[in-house]
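Novice: Below is the structure I would like to discuss, written out as structure tokens.
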Amino acid sequence: MDSVYSINIERAVLSSILFNPEEIEDVLGLIKHKDFYLPAHQKIFHVMEQLHTADMPIDEEFIRKRIDAKDVDDSILIEILSANPITNTIAYVREIKDGSIKRELATLATTIKQVALEDDLPAIDAVDRIQNELYKITTDSASSELKSMDEITGETLDYIKRMKKLGNKYLIGQTTGYYELDKKTTGFNEGDLIIIAARPAMGKTALVLNMTLSNIEANKGVIFFSLEMPAEQLMLRLLAAKTSIPLQNLRKGDMDDRQWSTLNSAFNDFNSKKLFVDDGGSLNINQLRARVRKLAQKEDNNISLIIIDYLQLMQGTGGKDRHNEVSEISRGLKLLAREIKVPIIALSQLNRGLESRPDKRPMLSDIRESGSIEQDADLIMFVYRDDVYKQRDEMRKEKEAKDKGEEYKSTFVDKPIEEAEIIIGKQRNGPIGMVKLDFHKALTKFIDKENHETAPIEVVFESVVDTERETKIDTMDNVDIPLIL
């Protein structure tokens with residue numbers, strides 16, 4: 001047990017702060033009072049924190065005034081005051097933190113034994129509890145340090161040069177699968193949380209399946225969590241989009257010889273692709289995190305995109321307040337995206353209230369439990385097809401006329417290809433706006449308008465635009481890029 005704490009190290013750190021109170025600024029960013037092993041040391045450090053917050057002197061007199069003699073024996077404070085000064089306080093602080101984490105892991109080991117052998121918990125709930133406790137230890141132990149301006153400018157310059165070397169004018173992250181959408185978003189970038197929201201029947205699942213297809217055909221790995229639709233139905237939609245065989249024909253097996261041959265080739269091609277589907281239908285953030293980490297740590301999987309269909313069907317890890325649960329889920333997804341450096345797309349439902357407006361195009365406030373989702377998301381897009389509402393309106397008029405014994409002749413034309421709008425409602429690092437696509441209903445497939453489906457992304461690097469400050473950094477081939485601040 002001695003390896004997980006050292007009274008001498010704890011005493012040395014407290015002594016260092018007493019003799020050099022300004023050091024607490026650096027120490028507070030690395031440890032908390034609970035990281036000390038000895039309860040008296042915890043109390044003394046906690047008092048030091050309080051004095052610092054109150055902008056009061058951290059010295060013997062003020063500490064004695066705030067410490068109850070019953071909690072801290074006077075001899076302990078005397079030992080701290082008489083300890084030899086140290087020169088590298090931060091190294092000692094890291095030793096204290098290291099010991100604290102090891103003690104938490106030892107406690108977790110006891111908890112694992114308890115929930116496994118003693119508690120009357122289903123196995124899946126026991127695993128969830130253990131994963132949740134481990135995640136708390138992991139996030140609490142994660143540390144970051146402030147970066148100086150020369151570090152930031154150096155990293156930024158390296159990024160710009162790396163983008164120039166790639167030679168992509170529009171696409172920086174993973175492709176959306178659509179030419180104009182790639183231009184407006186630069187693709188889905190690592191660490192981003194992307195929300196794609198729509199009312200039912202607008203085609204949001206079809207859209208992300210089309211995005212999935214574009215990425216796996218580029219030999220990139222995609223993880224798809226389907227909480228609403230079984231994997232077989234997802235595969236039927238992917239096959240319809242890939243082969244251009246109508247979805248209904250695939251569902252019935254009604255195909256001619258040429259279509260069967262095309263289908264067989266598609267299956268052979270898919271067998272070599274890296275698509276991982278979880279269609280369990282019940283998922284919380286801890287389960288999702290564990291499954292993603294397991295797949296992402298294998299480099300040959302080349303995971304480039306994670307999709308959740310859809311966010312509101314995910315479960316919280318506890319509590320009865322749904323708003324807090326959704327906040328926990330959205331924040332957890334954002335932290336996971338940053339941790340594994342992969343974009344995460346989460347589909348979201350919209351509130352029914354928008355359908356009472358004359359203009360039914362969605363906006364940010366229409367997202368269910370929108371507060372935390374809107375805050376955590378880097379990119380929010382809405383799928384909107386006006387013909388869906390036009391058709392519903394005509395069907396309502398026909399029914400009303402029929403109920404009155406009247407005849408109503410609908411003017412609506414049910415087209416095989418409808419225009420769809422992808423509305424960018426929020427983009428942390430770019431402009432908002434709208435892109436129009438065509439939706440092929442029989443294939444459940446969105447494609448670029450104006451035959452952009454096969455148009456290559458232009459590989460000429462001209463500039464990097466900071467949309468927030470509206471500044472532009474021009475670059476030239478074969479020339480070192482100066483950074484002007």
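Novice: Nearest 20 debye, what's the magnitude of the dipole of segment 168-457 about its Cα centre given +1 on Lys and Arg Cβ and -1 on Asp and Glu Cβ? Intermediate values should be presented prior to the final figure.
Specialist: Numbers: 45 positive and 44 negative charges, 91 e Å.
Approximately 440 debye in magnitude.
Novice: State the antiparallel share, in %, of DSSP beta bridges confined to the chain, rounding to the nearest 5.
Specialist: Values: 24 of 48 bridges.
Of all bridge pairs located within the chain, approximately 50 percent are antiparallel.
Novice: Sorted from fewest to most neighbouring beta carbons within 10 Å, what does the list Asp120, Asp59 look like? Don't skip to the end; give the middle numbers.
Specialist: Numbers: Asp120 5, Asp59 12.
With the fewest neighbours first, Asp120, Asp59 line up as Asp120, Asp59.
Novice: Something else about it: Can you give me the pair-distance distribution of segment 168-457, C-alpha pairs, 10 Å bins, whole percents?
Specialist: Pair shares across the bins are 6, 26, 35, 22, 8, 2, 0.
Novice: Right, something else. Separation between the Ala442 and Ser6 pseudo-spin-labels, each 7 Å from Cα along Cα→Cβ, expressed in nm?
Specialist: 7.5 nm
Novice: Could you derive backbone 3J(HN,Hα) for segment 83-95 from the dihedral phi with the Karplus parameters 6.51, -1.76 and 1.60 (θ = phi - 60°), listing whole Hz in sequence and x where the residue is Gly or Pro?
Specialist: My calculation for segment 83-95 gives 5, 5, x, 10, 9, 10, 4, 4, 4, 5, 4, 5, 5 Hz in order.
Novice: Same structure again: Check Leu283: other-chain or 5+ apart residues with amide H under 5 Å from its amide H, H built from backbone geometry?
Specialist: Gln315
Novice: Could you work out the relative contact order of segment 2-141, using alpha carbon pairs under 8 angstrom and six or more residues apart, expressed as a whole percent? Could you put the intermediate results ahead of the total?
Specialist: Details: 118 pairs, mean separation 47.8, N = 140.
Contact order relative to length: 34 percent.
Novice: Output the Cα-based Rg and Dmax of the chain in Å, rounding Rg to one decimal and Dmax to a whole number.
Specialist: Just the Cα atoms of the chain yield Rg and Dmax of 28.9, 99 Å.
Novice: What ³J(HN,Hα) values, in whole Hz, does the Karplus curve 6.51 cos²θ - 1.76 cosθ + 1.60 give for segment 391-399 when θ = phi - 60°, with x put for Gly and Pro?
Specialist: Using θ = phi - 60°, the values come out as 5, 4, 5, 5, 5, 5, 5, 4, 5 Hz.
Novice: Then there's this: Can you pull the Kirkwood radius for segment 1-142, inverse mean 1/r over Cα pairs, to one decimal in Å? Working shown, then result.
Specialist: Numbers: mean 1/r = 0.0602 Å⁻¹.
Mean inverse Cα-Cα distance, inverted, gives 16.6 Å.
Novice: Convert each backbone phi in segment 413-430 into a coupling constant with the Karplus relation 6.51 cos²θ - 1.76 cosθ + 1.60 (shift: θ = phi - 60°), then list the ³J(HN,Hα) values in order as whole Hz, x for Gly and Pro.
Specialist: 10, 7, 8, x, 10, 10, 7, 10, 10, 9, 9, 8, x, 8, 8, 4, 10, x
Novice: At a 10 Å Cβ-Cβ cut-off, how would you order Lys415, Lys274, Lys32, fewest neighbours first?
Specialist: Details: Lys415 10, Lys274 17, Lys32 14.
In increasing order of surrounding Cβ atoms, one gets Lys415, Lys32, Lys274.
Novice: Pull up all non-local amide H partners of Phe412: gap of 5 or more, or a different chain, and H-to-H distance under 5 Å with H placed in the peptide plane.
Specialist: Amide H to amide H, under 5 Å and 5 or more residues apart or across chains, Phe412 pairs with nothing.
Novice: Please work out the C-alpha center-to-center distance from segment 36-82 to segment 378-432 and express it in whole Å.
Specialist: 67 Å
Novice: Over the chain, what is the relative contact order in whole percent, taking alpha-carbon pairs under 8 Å and six or more residues apart?
Specialist: Working: 689 pairs, mean separation 76.5, N = 485.
Relative contact order for the chain comes out at 16 percent.
Novice: Quick check on segment 168-252: what are the equivalent-ellipsoid semi-axes from the Cα gyration tensor, as sqrt(5λ), descending, whole Å? Let's see the in-between values first.
Specialist: Details: eigenvalues 117, 44, 32 Å².
For segment 168-252, the semi-axes come out at 24, 15, 13 Å.
Novice: Enumerate the amide H contacts of Asp278 below 5 Å, restricted to partners 5 or more residues apart or on another chain; note that Pro and chain-start residues carry no placed amide H.
Specialist: Phe224, Phe225, Ser226
Novice: Can you put Ser214, Ser82 in order, fewest other beta carbons within 10 Å first?
Specialist: On the way: Ser214 19, Ser82 9.
Placing the least packed residue first, the sequence is Ser82, Ser214.
Novice: Per the helix-only calculation at 222 nm, which mean residue ellipticity applies to the chain, given -39500 (n - 2.57) for every DSSP H run of n ≥ 4 and division by its residues, nearest 500 deg cm²/dmol? Don't jump to the answer; show the numbers that get you there.
Specialist: On the way: 17 runs with 223 residues, N = 485.
So the helix-based figure for the chain works out to -14500 deg cm²/dmol.
Rule-based calculations on the coordinates, nothing more; no lab input. Bear in mind the structure is a predicted one, so any value in this text is a computation, not a measurement. Glycine also receives a Cβ, built like all others from the backbone with ideal geometry; neighbour counts cover every protein chain displayed.
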